[in-house]
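A short write-up of the structure that comes next.
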Amino acid sequence: MKISELQLQQVNHQIHALVEAGSFYGKKLEEAGITGVSSQEEFEALPFSEKADLRDAYPLGLMTAPEEDIVRIHSSSGTTGLPVIIPYTRKDVDDWATMFARCYEVAGITKKDRIHITPGYGLWTAGIGFQAGAEKLGAMAIPMGPGNTDKQLQMMVDMKSTVLCATSSYALLLAEEIEKRGIKDKIHLKKGVIGSERWGEAMRKRISEELGIELYDIYGLTEIYGPGIGINCEHNTGMHYWDDFLYIEIIDPVTLKPVPDGEPGEIVITTLVKEGAPLIRYRTHDLSRIIPGECPCGRSYPRLDVITGRTDDMMKIKGVNVFPAQIEEVIADTEGASSEYQIRISHLDGRDTMRIYVEATSGMVDFQALGQELTHKIKAKIGFTPIVKVVELGMLPRSEKKSKRVIDERYD
Ligand code: ZN
């Protein structure tokens, strides 16, 4: 995607605000002697920003607007070390809700819908983003937050919720509970808006079929507003993203050079109109590609493909680079294997081993034959032989947050 003249002007405005405020990135840009950009080439020479740097700015080093204009902060959940704090102005909060409402509209959700929100509320951007978007749209928000499955289902039945917002693993858990309790005829759900956790076609199919709903992938990250910066339309040909608020590049994560549209790589995002904490060329470490050409829906917003993984999910095993998405593809293509799996990597007797646990779709499946079939297919894909163990449906942990698919025990 080439950067437009307007977008270049917007980037210059962001650079100017950062430098003026003397914020964390403002100082960096000033030290590098950057005052603005006038072409694609100059833009692509701007330094990247990284999550690790954002932590160095803790607590409020990213603040780029005057403090009296900041109305809220959010924080991304750091698993290690300091969290990242993102300050928002009133305009940022409003822009985010506008983008989110646009997502709901693209998914065909209207003011008449009742939106059941299960992502968490608090410092992170999940629940409140879904809610602000629903209110902006004029729909009825049902702010459940996560957990307490009994209450979730009770409210879903009594309030006649029509839209479910959840992570893919929690949507699956709810689908399984509804099935188990035999209350499907009391559920009024029509659509699901699913957070940008990476999930395969098999899982999508199960949730969609068991709940009888259309599913939409919503994309976003706390550093860049939060969820709601893109969603797929009814044609399901990738996620439209809002290029009036963001400029997105795809780069090769090794050479760090932008790749042509259509080629896979890492998503890098520049905010165009953010005030509280603008970010220039932020490396998301999410892997995807820009889908070239026009969408059959006729919307002119560009499209990102589904997220296929994270650059840091890449596992180096026996000297080979392996992505969980490669394993997932094989599992999705294999009859008798369900969508749920877990990968454990360990180091035994001086050698790396990869064990893969896969749930069978039912007790009628021949576990041993399925295990052998998966072993052969995965070896053909990644170049070495894993240990595959097929287990009963429901054996692997489900989570309300993101499922942990890969457990690396080599460095424990
Ligand atoms: Zn479309």
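Quick notes on this one:
- Residue check for A332: more than 30 Å from D53 (Cβ to Cβ), open to solvent by 20 Å² or more (accessible area, probe 1.4 Å), hydrophobic (A, V, I, L, M, F, W, C) and within 24 Å of the chain's Cα centre (by Cα): yes
- For I85, the conditions (1) outside any loop (DSSP other than H, G, I, E, B); (2) open to solvent by 60 Å² or more (accessible area, probe 1.4 Å) are fulfilled apart from (2).
- Residue that is farthest from the chain's Cα centre (by Cα), among those in region 271-290 that are closer than 17 Å to A57 by Cβ and open to solvent by 10 Å² or more (accessible area, probe 1.4 Å): E275
- For region 236-261, a tally of residues being touching a Gly at 6+ places or on another chain (Cβ under 8 Å) and acidic (D, E) returns 1.
- Within region 94-129, the set of residues being part of a helix (DSSP H, G or I), closer than 14 Å to T167 by Cβ and without any contact (Cβ under 8 Å) to a residue 60 or more places away in the chain comprises G127 only.
- For H74, the stated conditions hold: it is crowded, with 20+ Cβ neighbours inside 10 Å, outside the structural domain of I229 (by TED's automatic domain parsing) and more than 30 Å from E5 (Cα to Cα).
- Contacts under 8 angstrom Cβ, first residue in region 233-257 being on the phi > 0 side of the Ramachandran plot, partner more than 16 Å from the ligand (Cβ to nearest atom) and in a loop (DSSP other than H, G, I, E, B), 6 or more apart: L256/F48
- Looking across V37, V71, one residue alone is hydrophobic (A, V, I, L, M, F, W, C), under 19 Å from I248 (Cβ atoms) and in contact with a Phe, Trp or Tyr (Cβ under 8 Å, 6 or more places away or on another chain). It is V37.
- One residue stands out among those in region 297-307 that are of a type outside the set (D, E, K, R), touching a residue at least 12 places away in the same chain (Cβ under 8 Å) and surrounded by fewer than 18 Cβ atoms within 10 Å (Cβ to Cβ): the one that is farthest from the ligand (Cβ to nearest atom), which is Y301.
- Region 94-136 - residue that is among the β-branched types (V, I, T) and touching a strand residue (DSSP E or B) at 6+ places or on another chain (Cβ under 6 Å) and, of those, surrounded by the fewest Cβ atoms within 10 Å (Cβ to Cβ): V106
- Residue within region 25-40 that is touching a residue at least 40 places away in the same chain (Cβ under 8 Å) and more than 24 Å from the chain's Cα centre (by Cα) present: yes
- Residue within region 58-71 that is more than 16 Å from the ligand (Cβ to nearest atom), of a type in the set (G, A, S) and surrounded by 15 or more Cβ atoms within 10 Å (Cβ to Cβ) present: yes
- Being small (G, A, S), in contact (Cβ under 8 Å) with a residue 40 or more places away in the chain and either in contact with a strand residue (DSSP E or B) (Cβ under 9 Å, 6 or more places away or on another chain) or over 22 Å from S169 (Cβ atoms) (or both) is a description that does not apply to G371.
- Taking region 8-76 and the helices (runs of 4 or more DSSP H) fully enclosed by it, the elements with 1 or more residues that are touching a Gly at 6+ places or on another chain (Cβ under 7 Å) are at 24-31, 51-56.
- Candidate set: region 249-260, residues that are surrounded by 15 or more Cβ atoms within 10 Å (Cβ to Cβ) and either part of a loop (DSSP other than H, G, I, E, B) or within 16 Å of the ligand (Cβ to nearest atom) (or both); chosen: the one modelled with the lowest pLDDT: P253
- Among the criteria (1) within 30 Å of S338 (Cα to Cα); (2) within 16 Å of the ligand (Cβ to nearest atom); (3) in contact with a helix residue (DSSP H, G or I) (Cβ under 9 Å, 6 or more places away or on another chain), the one N236 does not fulfil is (3).
- From the options E294, E263, residue that is within 16 Å of the ligand (Cβ to nearest atom) and more than 30 Å from V93 (Cβ to Cβ): E294
- Within region 208-224, restricting attention to residues that are of a type outside the set (D, E) and more than 19 Å from P278 (Cβ to Cβ), the residue that is most open to solvent (accessible area, probe 1.4 Å) is G212.
- Just one of (1) of a type in the set (A, V, I, L, M, F, W, C); (2) assigned to a strand (DSSP E or B); (3) within 16 Å of the ligand (Cβ to nearest atom) fails for I343. It is (3).
The values are calculated or read from the model by the stated rules, or taken from the named source; none is laboratory data. What you see is a predicted model; the values in this text were computed from it and never measured. Here the Cβ is made from the backbone with ideal geometry for all residues, glycine too, and neighbour counts use every protein chain on show. In case anyone asks, the SASA skips ligands and DNA or RNA and just uses the protein heavy atoms, side chains included. Shrake-Rupley method; radii C 1.70, N 1.55, O 1.52, S 1.80 Å.
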